[in-house]
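Contents: one structure, followed by commentary.
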Amino acid sequence: MYGNTRAETPKLYPIVIIVIHPRGGENHQNAKLRWALGDKVTTMIKCVNGESVVLHHDTNLPRPYSLGFRVQGTKGIWMDVNKSLLTEGLPPDHKWTPAQEYLDKYDHPAWQKNADKAVGAGHGGMDWFLVDDFVECVKAGKKATIDVYDAAAWLAVTTLSETSIAQGSAAVRFPDFTRGRWIG
């Protein structure tokens, strides 16, 4: 839909969703709620050093399950969906290369050691590593790897995206939960 003008943009209407719950039904208070639900939310975050982070949130459109990971820099790209990568200067030029050889070679030692424990833990095993790291930090009396400031920033993305959407996709300033302490 490149080149759309405002006149060509389809008019969107809120979707009404009624959830039938064993103790709910059409008279339940939540059955009366009107939900404005789009197909997909794309959030763009501009970082202080000029990097861009693009997040896609889609729980409604039909597709096979995928976390949709993609890491791209100036010298290459890796995507989980097609299980491949492209690295500038390495053959084959401008063609996808199966990533498994590189994943095996450069896999983080924590994943190599604990991948079997993470199977089925959610989000491709990541959830197990996050919980394990937190528990180990608490047991050792160490500062958590992901601290309260990281958690606040991660959770703020949803609220900030909602605010942006409500303001017609306007840019919304990301709060500095550390009050400048992240610098230096």
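Just so it is clear, none of the values below were taken in a lab; they were calculated from the coordinates. Worth saying up front: this structure is predicted, and the values here are computed from it rather than measured. Note that each Cβ is placed from the backbone with ideal geometry, even for glycine, and that neighbours are counted across all protein chains shown.
Data overview
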| item | result |
| --- | --- |
| ³J(HN,Hα), Karplus 6.51/-1.76/1.60, whole Hz, each residue of the range 124-138, x for Gly, Pro | x, x, 4, 4, 4, 5, 5, 5, 4, 4, 4, 4, 5, 5, 4 |
| Sorted peptide list for 60-69, 124-133, 96-105, criterion being average Cβ within 10 angstrom, highest first | 124-133, 96-105, 60-69 |
| FRET efficiency estimate (nearest 0.05) - Cβ-Cβ, residue 105 to residue 147, R0 45 angstrom | 0.90 |
| Interchain or long-range residues, amide H under 5 Å from residue 84's placed H | 79, 99 |
